[in-house]
Amino acid sequence: MSDLPFELEAPLVPRLRAAADVEGKLVRALEALGPLAGRGVGFVDLPDGVLRDRLDAAGISSVRLPLSSPLVLDVPDESLDAVVTLWTAFRGVAAPDLDEADRVLRPGGRLLVVHDYGRDDVSGLRDPQSPEYRVWSRREGPFLASAGFKIRVVHCFWTFASIEEAQAFLADGFGEAGEAVGAGLKRPRLSWNVAVYHRWRAGLSPEPDPALAAAAG
């Protein structure tokens, strides 16, 4: 499910959807980096669920695009203002995938790629060597070094009704790792830092660089 950062057994999915980012910070960040409301937006691998409902409530309608590797977006050239991927696509940066996103974006279009960032409670549930938490967010990593991306880190939470509910979910979903994280909770929520890697079409901003404009003047 690309509206969540983890693959979970079916009964656990609605429990995490109900807890993840109840403040709606991720949707607000996507809108700020787009903007997306009232525009043509393609979401890759987005299922029905809480996140989609929040996008709809924010006036962000979407063309739903299937996930594939390499990325193939079944829409015409220059037909979208933004392409958004959530956790499952752009597992790193492949030039053909960037080219495909650029193909479907209009001039001035935006590519927004969401992954976990780490340095939070949720990262205790995943292998600490995961690339999300190491090379992807570094200046020399695949997103920031040469692909034209910048990064916005959104400080979200998984919020539960009680510490006991949080501990039960973590144990059911993540076994010993979840139990260890749950045992350290002092309040019924986990810190969850989400990275939005954002890039203009072809890595080129449509806005002139103020420094260059001043030099030319």
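Values as computed for the structure displayed
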{"quantity": "Global form of region 1-61, assessed from the alpha-carbon gyration tensor, a/c cut-off 1.5", "calculated": "prolate"}
{"quantity": "GluC sites (Glu not before Pro) restricted to DSSP loop in region 112-211 with at most 11 other C-beta within 10 Å", "calculated": "Glu140"}
{"quantity": "Residue-averaged 222 nm ellipticity for the chain, from DSSP H runs of 4+ at -39500 (n - 2.57), nearest 500", "calculated": "-8500 deg cm²/dmol"}
{"quantity": "Formal net charge of residues neighbouring Pro5 (Cβ-Cβ distance under 10 Å; K, R +1; D, E -1)", "calculated": "-3"}
{"quantity": "Order by protection proxy (mean Cβ within 10 Å, highest first), peptides 124-130, 150-156", "calculated": "150-156, 124-130"}
{"quantity": "Answer label for semi-axes √(5λ) of the Cα gyration tensor in Å (calculated), chosen among [x] 32, 19, 16; [y] 26, 20, 14; [z] 24, 20, 18", "calculated": "[x]"}
{"quantity": "Sorted peptide list for 96-104, 72-80, criterion being average Cβ within 10 angstrom, highest first", "calculated": "96-104, 72-80"}
{"quantity": "By average C-beta atoms within 10 angstrom, highest first, the peptides 42-55, 105-118", "calculated": "105-118, 42-55"}
{"quantity": "Only Lys, Arg (+1) and Asp, Glu (-1) charged, at Cβ; region 73-217 dipole about Cα centre in debye", "calculated": "540 debye"}
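Read the figures in this text as sums done on the coordinates, not as results from a lab. In this text the structure is predicted, and so the values were computed from the model without any measurement. FYI the Cβ positions are ideal-geometry reconstructions off the backbone, even for glycines, and counts take in every protein chain you see.
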